[in-house]
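Below: one structure, written as structure tokens.
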Amino acid sequence: MAVKKSERKEKTTRKAGDPASGIEEELESSEENPIAALGRRMNRIQGQVVGIGKMIEDQRTCVDILNQISAVKSALDGVAMAILEKQAYQCFQETVDPDESKRSLQEFIDIVRKYAR
């Protein structure tokens, strides 16, 4: 199925955190497990990456390819932030003991530092 240029342009302008990205709404409104919602999002990202490979093979313009790469990076950032948020809630809601709370906080900080590299 061919995608018209106007439709392609719409898909490449979405940013993580925009309502159009859908990750926040998908996780909040989903009646199923949020992990399944993240899995669906990762499947879409995988499809985008495959599409980028096809764009390279088809010798599409540098601008088109880089726009798609930017969209994938933004989508991955959205997934990562959703996972970090979930981890934060798990770390801090489940702890009652002050020592355990400190360990949970350090674990969360370590995860954020790894992601921020």
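Taken together, the values in this text are just the output of simple stated rules run on the coordinates, not laboratory data. Just so it is clear, the structure is predicted and the values come from calculations on it, not from any experiment. Methodologically, a virtual Cβ is constructed for each residue, glycine included, from the backbone with ideal geometry; neighbour enumeration extends over all protein chains shown.
Remark: region 40-117 carries a charge dipole of roughly 300 debye about the Cα centre, counting +1 on each Lys and Arg Cβ and -1 on each Asp and Glu Cβ. Sequence-distant contacts, meaning Cα pairs under 8 Å at least 6 residues apart, place the relative contact order of region 26-117 at 20 percent. Here the extension length gained between ARG103 and MET42 equals 19.0 nm, from 0.36 nm per residue of separation less the Cα-Cα distance. Ordered by the count of other Cβ atoms within 10 Å of each Cβ, fewest first, CYS62, CYS91 give CYS62, CYS91. Going from the fewest other Cβ atoms within 10 Å to the most, the residues ILE65, ILE35 appear in the order ILE35, ILE65.
Most exposed first by the Cβ proxy, i.e. fewest other Cβ within 10 Å, how do PHE92, PHE108 rank?
Values: PHE92 12, PHE108 16.
Placing the least packed residue first, the sequence is PHE92, PHE108.
FRET efficiency for MET55 and GLN93, Cβ-Cβ distance as r, R0 = 41 Å, nearest 0.05? Between MET55 and GLN93 the formula returns 0.40.
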